[in-house]
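I have placed the structure first, in the form of structure tokens, so that the comments after it can refer back to it.
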Amino acid sequence: MEKLEKILEKWKHVPTIEETGPVEGANAPLMIQIRKKIRICYAVLAAAGFFPWLLSCLSRSKPDPRIVNMFLGLVVPGGGFMANGNWYGWLIGLGILFIFFTWGRNVVEWYGNIVAMPMLWLIGCLGGLWADQPVTFQNGVVPCTAAVLTIIYFEVKQARLEKKIMQTRKARISRFKEIMKPVEKLQQRVIVESDPPGRELDAEALKAAGYLFDMTVREKGDFTEYNKTSINSMGAYRYQFASLGYALMLMQCKYTPNFHGYQNQAWRFLIDAFTDPRCCGYWKWEYLGGRLRWDPDPVANENIMLSGWMLPVVNAYGAHTGDRRYEQADALCFRPFMNERKQRYGYSAEELTKVLTTQWSQKKYPGMLIPCEPHIAFPICNSYGLLGSIIYDRDHGTDYAAEILDKYNEHLKEEFVEADGTVADMRHYLFGACRYLHKPAMNVSPIGGISIGLQYAPLYPGLAKRCYALVRDEVVEIRSGMAYLKGMPWEQAMDLGTMTKNPSMYCGLLAQLACEYGDTELLQAVRAVERLYLKASKNPRVLRYKDVAVINMAYLCLSRWARQGDWYDTIHHGPDKNALRGPVLSDCAYPEVMVARAMSTNGEDLELILSGKGEQKIELARLKPLHVYSVDGLGKTIQADTRGNASLQLRLEERTEIRIRRVV
């Protein structure tokens with residue numbers, strides 16, 4: 001990890017706006033190259049389409065009008081119908097053109113599908129077969145006009161976007177010191193205490209933990225209460241499982257590292273869920289549509305929206321608990337078909353890590369970053385893959401992340417940061433023109449801004465800090481203890497997990513960000529928004545909001561126990577070494593026993609803070625065989641059996657604190 005630490009020192013510097021993004025103009029070099037190729041291809045296609053028409057107009061020979069009109073269909077989608085010269089041909093052609101740039105474009109941008117748009121264009125060409133009049137000059141006028149107007153529309157739209165980016169760049173450059181000043185003061189004011197003594201989950205955090213375990217302490221494959229939305233929305237199963245996993249791994253790292261029992265069961269539920277066909281089965285169709293190749297393996301190529309998001313959860317399980325089951329060959333058995341007898345794809349934790357690091361190191365894709373959907377790369381999805389690689393490295397002494405990170409950050413800085421300093425949501429390796437998945441009402445988008453400020457803190461700390469500063473300056477303001485979005489009322493905020501209007505996504509993302517940077521003012525202001533706009537469940541045992549996506553509930557739960565620097569520390573350091581050698585609470589009943597703290601301070605004791613009611617039995621493990629232990633707080637002793645296990649009967653109250661220590 002020394003190599004990685006040296007690399008991170010380089011990237012802790014907070015870059016100015018001028019130090020990232022394109023050196024000149026508004027577009028990244030890679031995007032300029034891709035768009036240039038697209039323009040050349042279109043010019044060749046249009047020239048080929050016009051040639052038979054021009055030839056027929058300039059010569060006495062009159063070729064078959066059907067051939068001429070079909071070629072005119074190459075000039076613009078729907079052009080073959082438009083060239084027929086009748087009103088219904090114009091309507092059909094314009095309809096195809098409209099569908100091409102709405103539905104067809106969305107299919108490409110959301111799914112990476114390269115079939116839909118060419119098929120629509122081909123259908124538009126075939127419309128020329130209905131030609132029933134001789135070729136005239138007027139045949140080419142409508143397709144030509146449609147092509148020119150379409151080009152003007154998109155070029156003007158792009159020019160306006162570039163103008164806005166450059167205006168924002170200029171404003172941010174002039175105000176950069178002012179933007180960063182409040183953040184610098186905040187960092188100076190907050191005293192970081194990585195592991196405060198006696199750290200425990202409070203009553204509200206225990207309710208959040210109740211939601212987390214309600215969703216995960218269940219039979220394998222039971223997805224009841226999970227969102228069933230589009231595979232390419234934030235409500236997709238893979239994002240729900242991953243976000244719950246992040247909340248669980250941070251809680252385990254900082255509060256309950258010496259608790260196994262139902263906590264490990266919950267973790268394994270999530271890891272197995274990633275391999276379920278309902279979670280990973282979508283990829284075979286996306287890969288077929290995007291690459292025209294049949295390969296049902298959901299993690300071998302691209303699809304970092306699954307492999308990347310799951311990697312921290314998989315690798316942290318072994319690193320934090322000492323349970324190495326997922327490091328065995330084929331332990332992660334992906335089942336992309338509902339039919340259990342069909343092909344399965346087995347990986348170990350290291351093989352899954354290698355799948356990603358190999359793709360990065362070989363630069364298989366134009367922008368180095370691995371695509372989610374075919375051809376479409378998101379910096380946020382790639383960040384999770386790197387975070388998971390770091391966890392594997394610190395656990396096994398490897399350098400998978402260290403070999404990648406420096407080049408990765410260089411590429412991110414140059415190709416995935418806009419001229420105005422905003423990290424792009426996505427880059428499209430086919431078209432080079434995509435900037436925002438959803439046009440943000442603010443200058444900073446939820447995916448490319450708020451999330452980057454958190455997830456890149458362990459990867460590119462300087463850029464992450466700048467993103468946080470921009471969020472604080474341009475996205476949110478605090479008035480009378482309440483957080484407000486600049487440019488969007490809370491009533492219009494969209495939950496991308498359920499595709500309904502509620503502020504839970506922004507609340508969850510902002511709350512996590514506030515926790516990581518120690519911004520208690522922002523955190524309390526976001527809590528005020530929660531209380532006002534989100535309807536809480538009547539169940540007093542758990543924290544749950546009505547009609548809020550699971551992914552956003554996971555974010556909100558995580559913010560109940562995260563503190564400044566926790567995410568960075570969880571990724572780079574993990575739990576204290578005593579988590580892997582000290583006694584553990586190996587079993588207890590859920591939900592009868594809630595664990596607020598389970599830690600070993602010296603590798604021989606076990607500090608427990610439990611919450612519940614009535615007589616309960618708990619199981620202990622990793623004790624010294626046949627040794628006697630005192631149970632401070634209960635005034636009794638227990639003796640470990642020959643395997644180092646022991647049982648303890650106790651009466652629980654709302655807060656019961658005990659310490660188990662070996663009697664010398």
- Message: I need the full set of residues from segment 239-269 which are buried (at least 23 other Cβ atoms within 10 Å of the Cβ), of a type in the set (Lys, Arg) and out of contact with any Asp or Glu (no Cβ under 8 Å at 6 or more places or on another chain), in order please.
- Response: none
- Message: Whether any residue in segment 237-254 is outside any helix (DSSP H, G or I) and not charged (D, E, K, R) is what I want to check.
- Response: no
- Give segment 459-499 a look and list any residue that's among the β-branched types (Val, Ile, Thr), under 19 Å from the mean Cα position of the chain (by Cα) and more than 30 Å from Ala402 (Cα to Cα), or say none. Thr498
- Counted residues in segment 301-321 being outside any helix (DSSP H, G or I) and either modelled with pLDDT of 95 or more or open to solvent by less than 10 Å² (accessible area, probe 1.4 Å) (or both) come to 2
- Item | Exclusive hit being over 20 Å from the mean Cα position of the chain (by Cα) and among the hydroxyl-bearing types (Ser, Thr, Tyr), set Tyr345, Tyr365, Tyr282, Tyr287 | Tyr345
- Task: Write out, first by first residue and then by second, each pair whose Cβ atoms fall under 8 Å of each other, whose residues are 6+ apart or on separate chains, and whose first residue, in segment 338-357, is more than 18 Å from Ile370 (Cα to Cα) while the second is assigned to a strand (DSSP E or B) and open to solvent by less than 10 Å² (accessible area, probe 1.4 Å).
- Result: Arg344/Phe334; Tyr345/Phe334; Gly346/Leu332; Gly346/Phe334; Tyr347/Leu332; Tyr347/Phe334; Ser348/Leu332; Ala349/Leu332
- Task: Identify, by number, the condition in (1) assigned to a helix (DSSP H, G or I); (2) crowded, with 22+ Cβ neighbours inside 10 Å that Arg278 doesn't meet.
- Result: (2)
- Among what's in segment 26-64 and is touching a helix residue (DSSP H, G or I) at 6+ places or on another chain (Cβ under 6 Å) and in a helix (DSSP H, G or I), pick the residue that is nearest to Gln167 (Cα to Cα). Leu30
- Query: Looking only at segment 396-405, which residues are crowded, with 18+ Cβ neighbours inside 10 Å and charged (D, E, K, R)?
  - Reply: Glu403
- Message: Between a residue in segment 482-499 that is farther than 18 Å from Val550 by Cβ and in contact (Cβ under 8 Å) with a residue 24 or more places away in the chain and any residue that is open to solvent by 40 Å² or more (accessible area, probe 1.4 Å) and among the hydroxyl-bearing types (Ser, Thr, Tyr), which pairs come within a Cβ distance under 7 Å, given they are 6 or more apart or on different chains?
- Response: Trp490/Tyr533
- Working only within segment 139-176, note down all residues that are surrounded by fewer than 17 Cβ atoms within 10 Å (Cβ to Cβ), of a type in the set (Phe, Trp, Tyr) and under 30 Å from the mean Cα position of the chain (by Cα). Phe154
- Item | Members of segment 337-356 that are in contact with a helix residue (DSSP H, G or I) (Cβ under 8 Å, 6 or more places away or on another chain) and at pLDDT below 95 | Phe337, Met338
- Message: Of the residues Lys177, Lys207, only one is modelled with pLDDT of 90 or more, in a helix (DSSP H, G or I), touching a Pro at 6+ places or on another chain (Cβ under 9 Å) and charged (D, E, K, R); which?
- Response: Lys207
- Considering Gly73, Gly104, Gly89, which residue is in contact with a helix residue (DSSP H, G or I) (Cβ under 8 Å, 6 or more places away or on another chain) and in contact (Cβ under 8 Å) with a residue 60 or more places away in the chain? Gly73
- Task: Answer yes if at least one residue in segment 93-103 is more than 37 Å from the chain's Cα centre (by Cα) and either crowded, with 21+ Cβ neighbours inside 10 Å or in a helix (DSSP H, G or I) (or both), and no otherwise.
- Result: yes
- Message: Could you check segment 282-300 and list, in sequence order, the residues that are in contact with a Leu (Cβ under 8 Å, 6 or more places away or on another chain), surrounded by 20 or more Cβ atoms within 10 Å (Cβ to Cβ) and assigned to a loop (DSSP other than H, G, I, E, B)?
- Response: Pro298, Val299
- Item | Top-ranked residue in segment 352-390 [being among the charged types (D, E, K, R) and part of a loop (DSSP other than H, G, I, E, B); ranked as least open to solvent (accessible area, probe 1.4 Å)] | Glu373
- Query: Of the residues Ala596, Ala589, which single one is under 21 Å from Thr321 (Cβ atoms) and open to solvent by 10 Å² or more (accessible area, probe 1.4 Å)?
  - Reply: Ala589
- Which condition number in (1) at negative phi; (2) surrounded by fewer than 24 Cβ atoms within 10 Å (Cβ to Cβ); (3) at pLDDT below 95; (4) not in a helix (DSSP H, G or I) is the one that Glu474 fails? (4)
- Query: Pairs, please: C-beta under 6 Å, at least 6 apart or cross-chain, first residue closer than 16 Å to Met249 by Cα and in segment 575-589, second surrounded by 22 or more Cβ atoms within 10 Å (Cβ to Cβ)?
  - Reply: Pro575/Cys253; Pro575/Pro257; Pro575/His320; Ala579/Pro257; Ala579/Asn258
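The values are calculated or read from the model by the stated rules, or taken from the named source; none is laboratory data. Note that the structure is a prediction, hence the values are computed from the model and not measured. Counting neighbours? That spans all protein chains shown, and the Cβs are built from the backbone with ideal geometry, glycine included. Only protein heavy atoms, including side chains, enter the accessible area calculation; ligands, DNA and RNA are left aside. Shrake-Rupley method; radii C 1.70, N 1.55, O 1.52, S 1.80 Å.
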